[in-house]
Amino acid sequence: METEEAAAAEQLQQKQLQQEQEQWRGTVEAALPSTPASAAWPHIASFCALHRYLPGIDVCELAAGEDGCPGCVRYVASLAPAAAGAGGAGREVASWAREELLEIDGGARRLAYAVVGSSMGFGRYVGSMAVVADDEDEAAAAAGRCRLVWAFECDPVPGWSLDGLLGYLDGGVKAIAARIEEAEAAAAA
């Protein structure tokens, strides 16, 4: 009986090791029902403006290179909530990442980036964000709809599950889409 338990424990350990060595991949999408791709793209192409569109990102600034050029690095951070009575002053960084722009293609409306350092346990992480014209049918094409497609490939992240990361990114892409829609509606008003 002990041999069966030992074999089962070793099999479980081998399965966990294999999962840890596998690469995580995924894609999340969000629709922008009133924004054409040509209007959405400048919001995404502005590499150091992520804090305007992704809730929870309080800081996004150029750390190296020239904004929007491959090789530039942005520093993004989320700040801890302010202490009671502090009025927002003295907030400390809760989590941060440095992300390098790998490529940007205005014609394809796509950019790719890599996490080159972080406090969140990311090892290798390469992501892309694309703005895709929604031309599935004539009505969608005529309305000028588009969608954001956020794809990634990374090493497993300690403390996260793949489903947890996908859920986080799914909420993020939907929030980015909503903020772009709001910005475009305000600009049109």
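The values are calculated or read from the model by the stated rules, or taken from the named source; none is laboratory data. Since the model is a prediction, treat every value here as computed from it, not as a measurement. Cβ placement follows ideal geometry from the backbone for every residue including glycine, while neighbour counts extend to all protein chains displayed.
Of all residues in region 98-119, none are at pLDDT below 95 and of a type outside the set (Ser, Thr, Tyr). Regarding region 70-86, can at least one residue be identified that is on the phi > 0 side of the Ramachandran plot, of a type in the set (Gly, Ala, Ser), modelled with pLDDT of 95 or more and outside any strand (DSSP E or B)? The answer is yes, given that some residue of region 70-86 is on the phi > 0 side of the Ramachandran plot, of a type in the set (Gly, Ala, Ser), modelled with pLDDT of 95 or more and outside any strand (DSSP E or B). Gly65 meets all of the listed conditions (1) of a type outside the set (Ser, Thr, Tyr); (2) at pLDDT below 95; (3) over 22 Å from Val131 (Cβ atoms) but one, namely (2). Considered as a group, the residues in region 102-115 that are crowded, with 16+ Cβ neighbours inside 10 Å and within 15 Å of the chain's Cα centre (by Cα) include one that is farthest from Trp41 (Cα to Cα), and that residue is Val115.
If you check Arg110, Arg147, Arg91, Arg179 for being touching a Ser or Thr at 6+ places or on another chain (Cβ under 8 Å) and either under 14 Å from Leu32 (Cα atoms) or in contact (Cβ under 8 Å) with a residue 12 or more places away in the chain (or both), only one passes: Arg110. Please indicate, with yes or no, whether at least one residue in region 41-48 is within 30 Å of Asp135 (Cα to Cα), at pLDDT 95 or above, part of a loop (DSSP other than H, G, I, E, B) and not polar (S, T, N, Q). The answer is no, given that none of the residues of region 41-48 is within 30 Å of Asp135 (Cα to Cα), at pLDDT 95 or above, part of a loop (DSSP other than H, G, I, E, B) and not polar (S, T, N, Q).
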